[in-house]
């Protein structure tokens with residue numbers, strides 16, 4: 001008990017600003033073909049596989065890792081344009097082949113270790129989109145279009161429509177992401193209130209569809225991503241207008257994510273198991289941001305002052321995915337060209353006690369972050385057995401690690 005009191009006293013004397021903003025480097029993901037005119041990054045797997053599309057000469061979907069660099073994925077016969085929308089850490093990438101850049105005639109595709117397999121389309125609907133894949137190779141997306149669009153998942157190569165409804169009668173039209181537990185998130189419609197979008201969460205194993213509640217005062221939203229431990233992020237709105245970013249968990253419910261400076265609306269688009277979220281704010285420009293559970297940062301402000309990247313003074317920039325280690329993928333302007341990027345945290349944590357920036361050293365910011373995580377039941381503070389419980393053993397282990405310092 002004396003140990004806990006001492007830690008609390010340290011936290012009281014520390015200001016929130018001591019934690020500091022995280023620092024990042026930024027890397028251009030490159031182009032599939034030399035003649036490609038622009039490249040977009042659409043996300044990143046939990047373990048760090050980035051994906052997107054390279055447009056111009058190749059019009060190919062791509063995957064990227066630090067070891068392989070950018071790798072163009074085989075094109076589908078009859079499709080002119082291709083995009084990778086999701087990937088797992090086991091060599092599977094999913095996406096779409098289409099007749100136009102904007103997705104006309106979309107067909108769902110899966111690449112396994114670089115080998116293309118077209119996925120089936122539900123009978124009578126003609127088109128479909130594969131948006132994400134989990135570690136069990138369960139793929140989620142949607143089939144059809146307009147009033148016929150229905151959320152879809154593929155297991156063992158078989159397409160299945162999501163036919164469940166919420167308690168209030170809402171139906172799911174699109175699944176954007178799926179985690180390794182088989183929970184998919186997306187959005188749908190409420191037949192009793194056609195003006196509102198409904199943020200939804202679907203458990204594939206149980207067949208239960210649940211509404212992700214909007215922020216107070218709002219009546220709907222869109223859920224864009226779900227982490228492996230159950231954080232959900234998206235945009236909360238009133239009748240599809242004035243979107244505000246939110247993060248949801250079973251413990252906290254829906255919590256507003258503060259908008260970045262200069263934004264009047266926005267949405268959170270990606271989240272990891274630490275509850276770090278990325279998204280896009282909207283003002284005069286597109287304003288990609290990072291939320292670390294406490295503060296919101298413009299991504300531009302996290303880069304070195306002499307960077308050649310512009311991700312804050314144009315209308316095309318984005319931040320669409322964040323991996324478990326905090327790497328961020330999106331699109332920005334580099335030397336006047338639209339390019340895909342990955343932002344990587346400078347100096348990774350040196351131990352399990354190195355919980356806050358600046359990483360690579362243990363200081364009062366780590367103590368403050370441990371206390372926050374411990375109080376919130378955050379897995380980052382669950383340092384000792386029994387796993388899943390937050391008790392004095394976790395405090396003792398944190399003190400041991402902190403006292404040992406960085407290697």
To test your reading of the geometry: what angle, between 0 and 90 degrees and rounded to tens, separates the Cα axis of helix 392-404 from the longest principal axis of the chain? 80
Of 196, 53, how do they rank once you tally other Cβ atoms within 10 Å and put the fewest first? 196, 53
Relative to the longest principal Cα axis of the chain, at what angle does helix 364-376 sit, 0 to 90 degrees, rounded to 10? 60
What's the extension gain from residue 104 to residue 37 if we count 0.36 nm per residue and subtract their Cα-Cα distance? 22.1 nm
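At 20 °C and a viscosity of 1.002 mPa s, what translational diffusion coefficient does Stokes-Einstein give for region 230-278, taking Rh as the Kirkwood radius over Cα pairs? Give it in µm²/s as a whole number.
For the chosen part, D equals 195 µm²/s.
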Residues 143, 323 in order from fewest to most other beta-carbon atoms within 10 Å are 323, 143
One-quarter of the Cα convex hull surface for region 97-173, in nm²? 6.0
For 302, 101, what's the fewest-to-most ordering of other Cβ within 10 Å of each Cβ? 101, 302
Label-reachable residues, region 320-337, where backbone N falls under 15 Å from a point 7 Å from residue 180's Cα toward its Cβ: 323-326
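Report the percentage of all Cα-Cα pairs in the chain whose separation exceeds 41 Å, rounded to a whole percent.
For the chain, the fraction of Cα-Cα distances above 41 Å is 14 percent.
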If you line up the long axis of helix 2-13 against the longest principal axis of the chain, both from Cα atoms, how many degrees apart are they, to the nearest 10? 70
For region 88-234, I need the span (max minus min coordinate) of the C-alpha atoms along each principal axis, in Å, sorted largest to smallest. 47, 33, 27
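With a ≥ b ≥ c the root eigenvalues of the C-alpha gyration tensor of region 180-289, is it rounded (a/c under 1.5), prolate (a/b larger than b/c) or oblate?
oblate
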Report the normalised scattering of region 179-234 as log10 I(q)/I(0) at q = 0.14, 0.16, 0.21, 0.25 Å⁻¹, calculated by the Debye formula with identical scatterers on the alpha carbons. -0.36, -0.46, -0.75, -0.98
Per 0.36 nm of contour for each residue apart, how much would the distance between residue 112 and residue 396 grow if the chain were fully extended, relative to their Cα-Cα spacing? 97.8 nm
Gyration tensor on Cα atoms of region 230-357, a ≥ b ≥ c root eigenvalues, a/c under 1.5 rounded, else prolate if a/b beats b/c, else oblate, says oblate
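Every number here is computed from the coordinates shown, using simple stated rules; none is lab data. What you are looking at is a predicted structure, and each value in this text was computed from that prediction instead of being measured. Don't worry about glycine lacking a Cβ; one is built from the backbone with ideal geometry, like all the others, and counts go over all protein chains shown.
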